[in-house]
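In what follows, a single structure is set out as structure tokens and then discussed.
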């Protein structure tokens, strides 16, 4: 029996690299792309999909940068929104299942309650708006889709909060970290395990996939230093609400996992320990 072809976009990022590393090579034939196939380029995506004929496409491509003014916002929508549209169109055309990675930022973060797949999405940032628009394109363009929302995804590779804290600890004595940004750190490795299991699943729609529990950014940073055995940097808790930013609470509840019984994510502390080899 021939192997199923799985195309992973954004393959060099924290999550994409974990999926590529963990994908069972005896079952699937991996095709990975990053910047060499720009998901914002509709023709490039379509041509590549036609060329390789994937059975499934996992779209990890995305941008988070929001500090580049109007041009930066345009690029966010090109990659996160049009990119999702282009991959959804192309995957549907070749009969491939699509798994779209999304985010807790589709929620406003202004209520202190766990958020399920059935709660109203009201993004407050261009990043969140661009990702939500991408979700809607996927829903309308490829019937065989799974949208996976997660939060504070980190890993040993790529630009993420874990690699940032570890890098800052190399030559910084004091670091201010928000204590009123609340969510759940989610290991890219654990998220990758879930995504891979869902490739051949019949489940469709939206799934939340965050690790269990919650903490502040400050608490997350403290745990990183603790589990990594770093004692050379002191963390200072600060309130972002005092710096022209809003406090945020975006703890996702994996309700669809619970009611279908298809998977269970681990506690975020245990996942962080595993990531750091503790």
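The values are calculated or read from the model by the stated rules, or taken from the named source; none is laboratory data. Given the structure is predicted, the values throughout are model-derived calculations rather than measurements. Reconstructed Cβ throughout: ideal geometry from the backbone, glycine too, with neighbour counts over all protein chains shown.
Here are some notes:
- Members of segment 227-277 found to be farther than 24 Å from residue 197 by Cα, under 24 Å from the mean Cα position of the chain (by Cα) and outside any strand (DSSP E or B), listed by number: 227, 228, 240, 245, 246, 247, 250
- Residue within segment 121-132 that is over 25 Å from residue 247 (Cα atoms), in contact (Cβ under 8 Å) with a residue 40 or more places away in the chain and surrounded by 17 or more Cβ atoms within 10 Å (Cβ to Cβ) present: no
- Residue 195 vs. criteria assigned to a strand (DSSP E or B) and under 20 Å from residue 17 (Cβ atoms): no
Quick grid of which residues meet (1) modelled with pLDDT of 95 or more; (2) assigned to a helix (DSSP H, G or I); (3) farther than 29 Å from residue 235 by Cα:
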site	(1), (2), (3)
128	yes, yes, no
137	yes, yes, yes
157	no, no, no
171	no, no, no
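- Qualifying residue in segment 250-272 (condition: touching a helix residue (DSSP H, G or I) at 6+ places or on another chain (Cβ under 9 Å), farther than 28 Å from residue 59 by Cβ and in contact (Cβ under 8 Å) with a residue 60 or more places away in the chain): no
Table: residues versus (1) crowded, with 20+ Cβ neighbours inside 10 Å; (2) assigned to a helix (DSSP H, G or I); (3) touching a residue at least 40 places away in the same chain (Cβ under 8 Å).
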{"residue": "7", "(1), (2), (3)": "yes, no, yes"}
{"residue": "16", "(1), (2), (3)": "yes, yes, yes"}
{"residue": "24", "(1), (2), (3)": "no, no, yes"}
{"residue": "30", "(1), (2), (3)": "no, no, no"}
{"residue": "36", "(1), (2), (3)": "no, no, no"}
{"residue": "47", "(1), (2), (3)": "no, yes, no"}
{"residue": "81", "(1), (2), (3)": "yes, yes, yes"}
{"residue": "105", "(1), (2), (3)": "yes, yes, yes"}
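- Filtering 166, 191 for residues that are touching a residue at least 24 places away in the same chain (Cβ under 8 Å), in contact with a helix residue (DSSP H, G or I) (Cβ under 9 Å, 6 or more places away or on another chain) and surrounded by fewer than 21 Cβ atoms within 10 Å (Cβ to Cβ) leaves a single hit, 166.
- Looking only at residues of segment 244-277 that are modelled with pLDDT under 95 and under 18 Å from residue 108 (Cα atoms), we find that the one that is surrounded by the fewest Cβ atoms within 10 Å (Cβ to Cβ) is 244.
- Annotation: of all residues in segment 179-192 being touching a strand residue (DSSP E or B) at 6+ places or on another chain (Cβ under 6 Å) and part of a strand (DSSP E or B), the one that is nearest to residue 263 (Cα to Cα) is 186.
Here's the yes/no breakdown for (1) at pLDDT 95 or above; (2) at negative phi:
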residue: 48; (1), (2): yes, yes
residue: 51; (1), (2): yes, yes
residue: 65; (1), (2): no, yes
residue: 69; (1), (2): no, no
residue: 78; (1), (2): yes, yes
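- Single match in 138, 111 (criterion: closer than 16 Å to residue 182 by Cα and touching a residue at least 24 places away in the same chain (Cβ under 8 Å)): 111
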